[in-house]
Each structure stands twice: as C-alpha cells, then as structure tokens.
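A short worksheet on the structure shown next.
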Amino acid sequence: MRMHYHPFSLRLLLFLLCVVIFTQTGCEEANGVGELQVDPSSVTLEPNDLSVVLSVVGGITDSSLSLPLEWDVRDPRLGQIVAHSGVTAVYRRSALGGANTVIVRDQLDKEGYVTIVQLVAEDR
C-alpha cells in the first residue's frame, strides 16, 4: 500500500520543520558572552589614596567563572595591577590624574570592567 500525501500536508510539515530548526538555532551556551561583575565597579581615588582592592563577584560558586583570571589596565601610565590571586586584584595608581579602566577576563573570555578616576591635588 502506497501512501500519498496531500500537497498542503507536505507543505505544512516542511514549514513546521523549518520553524523548529530556526527557533532552536543559537540556543547553545556561547563562550565570550556575558560580563563579570567587579566590586567596586567604579572608584574615585583621592590624591592620598594609593591603591584599591578589586574583586570579581557572582559566578564563583556556580562554575560560570573559569579561573585563572587575567587582569589588565587600559593606560599603564596611570596605574597597574600589582598583585592578583583567585578573584581579587590590587590596583596601584601612579602620581598622574585621569581616568583608567581595569579589565578582568576569565578563561571563557567573559569580561568585567572597573572605571578608576584618579584625582590629583590640583583637582581639589
């Protein structure tokens, strides 16, 4: 016994198949997407403030954070990461004033940012 499909039924089946395929595309977890939360997320360093401790928060216990972390600064003339371990880092400023950004990245390429404004005596 040979089955014959009505053209409308075949079109409906193909349409539903396409809907399923296109709506499921991209549902897998993507690496490099998402942000790390850093505490504090912004800092103002007064002229006498030399350093600040930064910590990544969230994602630590649910394995969405992949250690080790890489810490970097946008403008090394303004300051540097002088120590880091686990989820914390220490940023030390230079004598210059201005705004710097600290970038932290985990092994899955998730990133977090901290804005650091460094005041000098003339700013007061």
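Stretching the chain fully between residue 51 and residue 120 yields a gain of 23.4 nm (0.36 nm per residue, less the alpha carbon separation).
Once the piece of chain linking residue 90 and residue 41 is laid out straight, how much longer is it, given 0.36 nm per residue of separation minus the C-alpha distance between them?
Result: 16.3 nm gained on full extension.
Laboratory data are not the source of any read-out in this text; all were calculated from the coordinates shown. Note that this is a predicted model, so its numbers are computed, not measured.
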